[in-house]
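Inspection log for the structure reproduced underneath, given as structure tokens.
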Amino acid sequence: MNDTAPDRPELLSPRDEAHVAYGLRARTLGDLAYDLLAHDPDAPPGERVRRALALRERLDALIAQAGVADREAGATWTEIGAAAGITRQSAQGRWTPHVTAWAAAGRRAVRDHHGLTALGAAGGLDAAHARLADDDDQQDTFSRALDAVRFPGAEAAERARHERAVSVRARLAVLATAEERGQDDLHRLARTAAAPADRATALRHLAALREEGAGRHDELAALEPETADTHRAAAAQARDRAAHDREFAALLALQGTPAPTL
């Protein structure tokens, strides 16, 4: 890995970030497993079992991150299920919460560590592995799998994609707040027996917010393929609600139309 490369990115692509997160968990697990060799002869009964079970908890966390990393790398639920010896449905049910949590947390391997980036962490994993390997060709065993190392020219596009996804999520949060206020306004108009035309206007405004939200979810489906199904479902639900709002608004508008003069 070339530490002198210019413009070292602070944020890697989501698939690279997921790979680094997987590597960090694997290293922690390895260190803990190695520590099991040191045993205090005066330790209380059952100490070996306790420490081994604690290791198993770390293994479960590693497996969960492996599922996230494989999804970020483009593996389908069918492929992941086959690797785990389970069905596609079981794999999706098992790892989707982890994929969703990973996305919600920003899809970053290293957070709240001043000066340490995912690429820097990858270099540390290279060094840790090199200490155990005798082959000089093993100096970048971990980082050589990163897109940032293999295809450095593509990293700017990946950063732009991530930044756009952050922007879209921020807009969705604004829309959610506006939609909640719109619902409150609609309920207030209903309680005060407001004119049908006023309620119809409020409904059309709510429908417009939901339509925009659907479009933003469609955009996120393209920006975040690993959670595309979730975004498409949210978009479809928003469009259904918007259509219902418009239909109700049309009925209210008819109620507010003056009867023709005979």
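Read-outs: derived from the displayed coordinates by stated rules, not from any lab. Since we're looking at a predicted model, the values are computed, not measured. When we count neighbours, we look across all protein chains shown, and the Cβ atoms used for this are built from the backbone with ideal geometry, even at glycine.
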Checklist entry - Where the centroid of each part is defined by its Cα atoms, how far is segment 80-130 from segment 149-214 in Å? => result 29
Checklist entry - So, counting K/R as plus one and D/E as minus one, what does the shell of residues with Cβ under 11 Å around W102 add up to? => result -1
Next on the checklist: Quick check on the chain: take the gyration tensor over C-alpha atoms, sort the square-rooted eigenvalues as a ≥ b ≥ c, and tell me if it's rounded (a/c under 1.5), prolate or oblate.
Outcome noted: prolate
Item to check | Neighbourhood net charge (9 Å Cβ-Cβ; Lys/Arg +1, Asp/Glu -1) for R204 | outcome: 0
Checklist entry - What residue among R51, R88, R107 has the largest mean-square fluctuation in a Gaussian network model of the chain, using Cα springs under 10 Å? => result R51
Item to check | Shape of segment 14-150, Cα gyration tensor, a/c cut at 1.5 | outcome: oblate
Checklist entry - Along the charge dipole of the chain, which of L119, A173, L146 sits closest to the positive end, that is, farthest toward it, with unit charges on the beta carbon of Lys, Arg, Asp and Glu (+1, +1, -1, -1)? => result A173
Next on the checklist: Using only the alpha-carbon atoms, how far is helix 155-191 inclined from the longest principal axis of the chain? Give it as 0 to 90 degrees, nearest 10.
Outcome noted: 40
Checklist entry - How high is the relative contact order of the chain, given as a whole-number percent (alpha carbon pairs under 8 Å, six or more residues apart)? => result 19
Checklist entry - Roughly what angle does helix 14-35 make with the longest principal axis of the chain, taking Cα atoms, 0 to 90 degrees, to the nearest 10? => result 40
Item to check | Over segment 21-75, equivalent-ellipsoid semi-axes from the Cα gyration tensor in Å | outcome: 30, 11, 5
Item to check | Local electrostatic count at L29 - Lys and Arg +1, Asp and Glu -1, tallied over other residues with Cβ under 14 Å | outcome: +1
